[in-house]
Amino acid sequence: MSAGDPGRRGPLRIALLAVIGVGLLLLGGGLAVALGIGRDGPPAADSVDAGFARDMSRHHLQGVEMANLVADRSDDPEVEQLAFDISATQTNQAGRMQGWLSLWGVPPTGGDTMAWMPAGERHAGHDMAGTETGAGALMPGMATEEELAELRSLSGTAFDVQFLRLMIRHHQGGFDMAAHAADDAEVQAVRDLARSMVRSQGAEVETMTRMLAARGGTPLPEP
């Protein structure tokens, strides 16, 4: 059975997401306890801190999902290393954010997407038909189900090019959320994490843009 066979991919994907879901909560909770977050006056469910943790962790998990496709579909060591780094980093960061939400007593899902950001700083997702908020709405930079299905159908250089295009846009889409949290979150650890995302993902966008050009591809429009 080939790596792109839906019969193989479905169970693996479900199992992977289940393992990640459990592992993130345990890891994130441990880190949060070590930082002393959530003990006195935790952020409210509608705060910048909670909204950022909730939305960015979901944004990250799609990035992890795309990165985890690389091992079976790419033969390019540079792309494989990049994907490994993205998966490891964003899994760790999503774990921290989910752990904070648990300690704050805030549901990890639900609520209007990006409602914690001022209306003037929100940008509609590329397929959201003008809808900027709403529970479960795509956030800027996130791939649609159709784009994910196309990515899963590819292999070799064609996969590498499309993966880089989608991941560049994915990183760009999360930039405004991270920048807003870096300035306006109440909890220092949340601000620090958001600032690290701004720095690291900006550098990764530059790296991926060079990699994409070297493989004959061009970036998607920014979200």
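Looking only at the range 40-51, filter to residues that are assigned to a helix (DSSP H, G or I) and among the small types (Gly, Ala, Ser); which one of those is farthest from Asp176 (Cα to Cα)?
Here is the first cut: in the range 40-51, the ones assigned to a helix (DSSP H, G or I) are 48-51.
Now restrict to residues that are among the small types (Gly, Ala, Ser): 50-51.
Values: Ala50: 16, Gly51: 13 Å.
Applying the filter and picking the extreme gives Ala50.
Go through the range 201-223 and count every residue that is buried (at least 17 other Cβ atoms within 10 Å of the Cβ), assigned to a helix (DSSP H, G or I) and in contact (Cβ under 8 Å) with a residue 60 or more places away in the chain.
To start, the set of residues in the range 201-223 that are buried (at least 17 other Cβ atoms within 10 Å of the Cβ) comprises 201, 204-205, 208, 211-212, 217, 220, 223.
Filter once more, so that each one left must be assigned to a helix (DSSP H, G or I): 201, 204-205, 208, 211-212.
Still in the running and in contact (Cβ under 8 Å) with a residue 60 or more places away in the chain: 204, 208, 211.
So the count comes out to 3.
Regarding Leu27, is this residue modelled with pLDDT under 85, in a helix (DSSP H, G or I) and surrounded by 15 or more Cβ atoms within 10 Å (Cβ to Cβ)? Reasoning before the result, please.
Numbers: modelled with pLDDT under 85: yes; in a helix (DSSP H, G or I): yes; surrounded by 15 or more Cβ atoms within 10 Å (Cβ to Cβ): yes.
Considered against the rule, which asks whether it is modelled with pLDDT under 85, in a helix (DSSP H, G or I) and surrounded by 15 or more Cβ atoms within 10 Å (Cβ to Cβ), Leu27 comes out as yes.
Give all pairs with beta carbons closer than 7 Å in which a residue from the range 159-179 that is among the basic types (Lys, Arg) meets a residue that is modelled with pLDDT of 95 or more and crowded, with 23+ Cβ neighbours inside 10 Å; count only pairs at least 6 apart in sequence or on separate chains.
Here the result reads Arg169/Gly141, each pair linking the range 159-179 to a residue that is modelled with pLDDT of 95 or more and crowded, with 23+ Cβ neighbours inside 10 Å.
What are the residue pairs meeting all of these: first residue in the range 43-59, first residue more than 20 Å from Gln90 (Cβ to Cβ), second residue of a type in the set (Asp, Glu) and buried (at least 23 other Cβ atoms within 10 Å of the Cβ), Cβ atoms under 7 Å, and 6 or more apart or on different chains?
Short answer, once both residue conditions are applied: Pro43/Asp49.
Restricting to the range 107-141, and then to whatever is touching a Pro at 6+ places or on another chain (Cβ under 7 Å) and at pLDDT 80 or above, can you tell me which residue is surrounded by the most Cβ atoms within 10 Å (Cβ to Cβ)?
Within the range 107-141, the subset touching a Pro at 6+ places or on another chain (Cβ under 7 Å) is 123, 125-126, 140-141.
Going one step further and asking which of them are at pLDDT 80 or above, we end up with 140-141.
Numbers: Pro140: 23, Gly141: 26.
Only one residue tops the list, namely Gly141.
Filter the range 52-74 for residues that are hydrophobic (A, V, I, L, M, F, W, C) and in a helix (DSSP H, G or I) and give the result.
Answer for the range 52-74, where residues must be hydrophobic (A, V, I, L, M, F, W, C) and in a helix (DSSP H, G or I): Phe52, Ala53, Met56, Leu61, Val64, Met66, Ala67, Val70, Ala71.
Name every residue in the range 149-200 that is of a type outside the set (A, V, I, L, M) and assigned to a loop (DSSP other than H, G, I, E, B), in order of residue number. Even if it seems obvious, please write down each step before you answer.
Let us first name the residues in the range 149-200 that are of a type outside the set (A, V, I, L, M), namely 150, 152-153, 155-157, 159-160, 162-163, 165, 169-176, 180, 183-184, 186, 188, 191-192, 195-196, 199-200.
Once the filter is applied, which keeps residues that are of a type outside the set (A, V, I, L, M) and assigned to a loop (DSSP other than H, G, I, E, B), the range 149-200 yields Ser153, Ser155, Glu186.
The values are calculated or read from the model by the stated rules, or taken from the named source; none is laboratory data. Note that the structure is predicted; figures quoted are calculated from it, not measured. FYI the Cβ positions are ideal-geometry reconstructions off the backbone, even for glycines, and counts take in every protein chain you see.
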